[in-house]
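This report concerns only the one structure given below.
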Amino acid sequence: TWVPVEGFVYGAEFDGGNFTITGLTDCLFGKANAYIHNLTLNSTVERAAHESDGVGLFAGIFEGTVANCTAKGSLVVNGSGTSGYNGFGGVVGEVTGTTTFENVVNEATVTVDGVNNTRNGVAGILGGTQGDGSLPECVLTFTNCHNKADLTSTANGEKKRRNMGGIIGYSEGEH
């Protein structure tokens with residue numbers, strides 16, 4: 001069973017060599033400030049959400065560049081009424097600063113249940129920006145990015161369509 005790299009911020013280049021990693025059951029990286037490229041992940045991630053916690057197949061919380069990457073499989077998050085700022089994305093859950101996505105494709109279904117806060121984001125590429133808008137300047141760049149999968153968000157048995165997007169779910173503040 002894969003345990004994501006957590007407890008510190010992964011801060012280096014990760015070149016996937018155009019390979020595919022299969023079978024992960026959690027984010028590749030919990031937190032990363034990195035350059036991740038040339039990688040496909042085919043994973044089934046099922047996870048409970050926590051306060052101010054992002055979830056994505058590549059990284060939960062991220063800053064840096066993701067290039068020439070594809071996410072496949074599924075992401076299922078149970079929030080159980082979570083009210084913090086959460087981002088749930090097929091590729092990255094949340095970003096904390098300047099981030100670039102280039103030639104990134106999401107083919108992983110994203111299903112979020114039980115998350116009630118209006119500041120939560122659900123998306124194919126990036127769930128959202130972390131925090132309450134008090135972050136330093138956060139420049140987001142998306143070039144040739146596509147979502148090809150279904151997104152679903154429910155709370156208390158009702159479908160929630162707020163803060164959902166194929167590319168980005170939620171962003172607050174000046175970006």
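No value in this document is a laboratory result; all are computed from the given coordinates. These figures come from a predicted structure and were not determined experimentally. Cβ coordinates were reconstructed from backbone atoms using ideal geometry, including for glycine residues, and neighbour counts include every protein chain displayed.
Brief remarks follow.
- Highest mean packing comes first when the peptides 92-105, 34-47, 53-66 are listed by Cβ atoms within 10 Å, giving 53-66, 92-105, 34-47.
- Protection proxy ranking for 124-130, 138-144, using the average of other Cβ atoms within 10 Å per residue and placing the highest first: 124-130, 138-144.
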